[in-house]
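The values are calculated or read from the model by the stated rules, or taken from the named source; none is laboratory data. Keep in mind that what you see is a predicted model, and the values were worked out from it rather than measured. Cβ sites come from the backbone with ideal geometry, for glycine too, and all protein chains shown count toward neighbours.
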Amino acid sequence: MSVYKHILFAIDHDDNGASILKSMIDFADNFNAKVSLVHVVGSFSASYAHADTMLIDEKIEQEIEGNARKYLNYIAKSADFPIENSYILNGDATKSILKYAEINGCDLIVVNGHNHNIIGKIWSVTEKLMNAPKVDVVVLKSLGQLV
């Protein structure tokens, strides 16, 4: 096992988010590693490319991002994690996570796993991240336990 210095913990909206983050902090403490908490918000307007809905799309995206920020703040506070180390990323989840990891020198990405059927695996961010060649990836079981 490598010695990790900067761990990116990518979290989706999960009812167990605070306990999962606490487990992540304990894990990172084993390496004396920095943790960055990220949540990715996809683009609403990319899904609906009608020109006449641009203003509505902007308002919806702002609301979604605002709710994501509230969620991250709540999770961070509940886990006694510094809010300034939590970030909202925008766009394609896989690309955004990998780009953040590369720019910020993250040497481990941790994600919360989900059970998917064969079709779900095609679009699974976790499946795509596990094939990323430049960084280690750890997938947590759905209860936040390291696999």
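Hey, does the stretch 93-110 have a residue that's at pLDDT 70 or above and under 14 Å from LEU21 (Cα atoms)?
So far as the stretch 93-110 goes, yes, one or more of its residues are at pLDDT 70 or above and under 14 Å from LEU21 (Cα atoms).
Just one of the listed residues (ILE75, ILE109, ILE97, ILE64) is touching a residue at least 60 places away in the same chain (Cβ under 8 Å), out of contact with any Leu (no Cβ under 6 Å at 6 or more places or on another chain) and outside any loop (DSSP other than H, G, I, E, B), namely ILE97.
Screening the stretch 78-90 for residues that are in a loop (DSSP other than H, G, I, E, B) and loosely packed, with under 14 Cβ neighbours inside 10 Å and picking the one that is modelled with the lowest pLDDT gives ASP80.
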